[in-house]
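Scroll down for the structure; my scribbles are underneath it.
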Amino acid sequence: MADRYLHLTGTAPGRFLTRRLGLPQPAPLRRWTLETPHLDGSLLHLTAGASAVTGVAEALRTSGLTVTERADRPAAIVLDATGVATAAGLGDVHAALHPVVRSLAPGGRIVVLGTVPSPDDHHQAATQQALEGFVRSLGKEIGRGSTVQLVRIPVARIPGGASAHAAGSTLRFLLSPRSAYVSGQVIELTSAAPDSGSAPAPITDPAAPLTGRTALVTGAARGIGAAVASVLARDGARVIALDVPGAREELERTADRLGATALPLDITAPDAADRIAAAAPDGLGVLVHNAGITRDRRLANMPADRWASVIEVNLDSVLRTTDELLKAGTITRGGRIVATASIAGIAGNTGQTNYAASKAGIIGLVRSLGPRAAADHGVTVNAVAPGFIETKMTAAVPLFIREAGRRMNSLSQGGLPVDVAEAVAWFAQPDSTAVNGQVLRVCGQSLLGA
Ligand code: NAD
């Protein structure tokens, strides 16, 4: 179902009318294309006080943008606030961004680099936590399709000092059109244990960083799963697209289009992990749990079978297949597991006690398993939490609720399946080793659960 309001505000009379009525003004978002893979303009690199990390300039250069310390109309601004550790130091954040925030080009990016709040120093912790409120507020007021994020770089417990090197893949994603529908997010990088065998892997072909890896995507016949399969194939992965046998025709069409292998299989089948392992004899470099269902009813009206089927597909099968595939070694070292949560799992939703429970469960899973999977298997575990994404699932939502879902976010529009897919591809990058146990909301900074 097309977003007619977005189309209307894209015309001069429509813009005039909706402005006069004080209605939201969504800016068309520019997404990645082969012809325009980068933002259009330069990257302004600022520092508040003294930086606490090395290598920021090198990490920024991987964005493909020209890094400068002065720019009239930057496409992106990165403020290094890693060294800000006192309340007074927050004045440096204001002093750095206040004069330049208006000059950011439409569809621009602001990324604030911070550090993990310290459990031992409450002044540092207060100050670094302050950056979160700052970023979330700026995301709400910046407008014109621009986005604002906070990336926390771990500075503690790193012998020889902290480096922004591990932030490379994250900055590449956030400072590009690939993150068009991500705003107001806080990403906390981990310090990859050097002996885990999971140190950043070299990328031999930047245009196809997943070359040589096999990626399996569940629920890949249509919607978000088909977009994930497509983006991972674009990035060079050999893709296995899994969906229920009942969706075989649609699955085969999708797989054919992408040069992927179709695997008709119900993910809840008792032998699902064995069948997946058999379909990937050389192991899996990327496993994306995307299959999901809704069976909405208020709790008072919800029969046990509706409850059970949602928990079974959205959570239990994810736990089971993850455990079995990790144990069997099917997910190779340096591998990536990405699961699909939802903002319903963060904010809750009427009629979705089962669905929200299953999606909150995914968040619990990635936070708990991420560090252990890295230590034991050299594998990262992360989740995307989509907001309102334009798919068949949301096209079925009644008009007024659908309109509210589309507008109740800082970008005043719904996201596209490709927005979620790009986030999955970022988690899947060979050099995303420091991204672990994270839940990235792809929701245009939805007001729900914010
Ligand atoms: P969709 O219904 O269009 O696609 C889901 C796919 O999963 C379908 O092809 C379906 O056949 C498959 N599937 C269902 N049960 C399966 C099973 N047992 N085994 C294998 N495949 C199975 O949904 P979508 O909108 O593309 O959503 C994809 C994921 O994103 C889901 O986990 C969903 O909960 C989540 N999500 C979607 C939105 C949104 O706005 N669309 C928002 C938040 C979260």
Fill in the blank from the handout: Expressed in angstrom and ordered largest first, the alpha-carbon extents of region 31-188 along the principal axes are 47, 31, 27
Practice task
Give, rounded to the nearest 20 debye, the magnitude of the charge dipole that the chain has about its Cα centre when Lys and Arg contribute +1 at Cβ and Asp and Glu contribute -1 at Cβ.
Solution key: 1300
Completion exercise
Short to long, in 5 Å steps from zero, the percent of alpha-carbon pairs of region 297-403 per bin is 2, 11, 19, 20, 17, 12, 9, 5, 3, 0
Practice task
Calculate the radius of gyration of the Cα atoms of region 214-442 to one decimal place, then report Dmax, the largest Cα-Cα distance, as a whole number, both in Å.
Solution key: 16.6, 48
Handout entry: Solvent-accessible area per residue for region 31-188 (1.4 angstrom probe, square angstrom)
Key = 43
Practice task
Return the distance in nm (one decimal) between the two label points of a simple spin-label model at Leu299 and Ala95, each offset 7 Å from Cα along Cα→Cβ.
Solution key: 5.2
Exercise for the section: Please list, or write none, the aspartates and glutamates whose alpha carbon is within less than 18 Å of the alpha carbon of Lys140, excluding same-chain residues fewer than 8 places away. Expected result: Glu132
Practice task
With a bin width of 10 angstrom, please list the P(r) values of region 40-92 as percents of all Cα-Cα pairs, from the 0 bin to the one holding the largest distance.
Solution key: 25, 48, 25, 3
Exercise for the section: Grab the eigenvalues of the alpha-carbon gyration tensor for region 89-167, scale each by 5, take roots, and send me the semi-axes largest first in whole angstrom. Expected result: 26, 15, 11
Handout entry: Distance between modelled label sites at Arg15 and Ala2, nm, 7 Å Cα→Cβ extension
Key = 1.9
Completion exercise
Over all pairs of different Cα atoms in region 266-345, the reciprocal of the mean inverse distance gives a Kirkwood radius in Å of 13.8
Handout entry: Convex hull of Cα atoms in the chain, direction-averaged projection (nm²)
Key = 22.0
Completion exercise
Filtered hits (aspartates and glutamates, Cα-Cα < 13 Å from Lys359, offset >= 8 within chain) -> Glu312, Asp316
Problem - Extension reserve of the Glu324-Arg257 stretch, reckoned as 0.36 nm per residue once the Cα distance is removed - result: 21.1 nm
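Where in the chain are the DSSP H helices whose alpha-carbon span along the long axis reaches 24 Å or more and whose Kyte-Doolittle mean is at least 0.0?
For the chain, where a helix must reach 24 Å along its axis and average at least 0.0, the hits are 353-377.
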Handout entry: Extension gain, Lys392 back to Ala50 (0.36 nm per residue minus Cα-Cα distance, nm)
Key = 118.2 nm
Practice task
Give the Rg/Rh ratio for region 319-380, taking Rg as the radius of gyration of the Cα atoms and Rh as the Kirkwood radius, to two decimals.
Solution key: 1.07
Completion exercise
The ratio Rg/Rh over the Cα atoms of region 341-450, Rh being the Kirkwood inverse mean 1/r radius, stands at 1.01
Handout entry: Helix-only mean residue ellipticity at 222 nm for the chain, each DSSP H run of n ≥ 4 adding -39500 (n - 2.57), per residue, nearest 500
Key = -10500 deg cm²/dmol
Problem - Per residue, the convex hull volume that the Cα atoms of region 4-111 enclose (Å³) - result: 142
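The values are calculated or read from the model by the stated rules, or taken from the named source; none is laboratory data. Because the structure is a prediction, the values reported are computed rather than measured. Backbone-built Cβ (ideal geometry, glycine too); neighbour counts: all protein chains shown. Side chains are part of the model used for accessible areas, which takes the heavy atoms of the whole protein and leaves out ligands, DNA and RNA. Shrake-Rupley method; radii C 1.70, N 1.55, O 1.52, S 1.80 Å.
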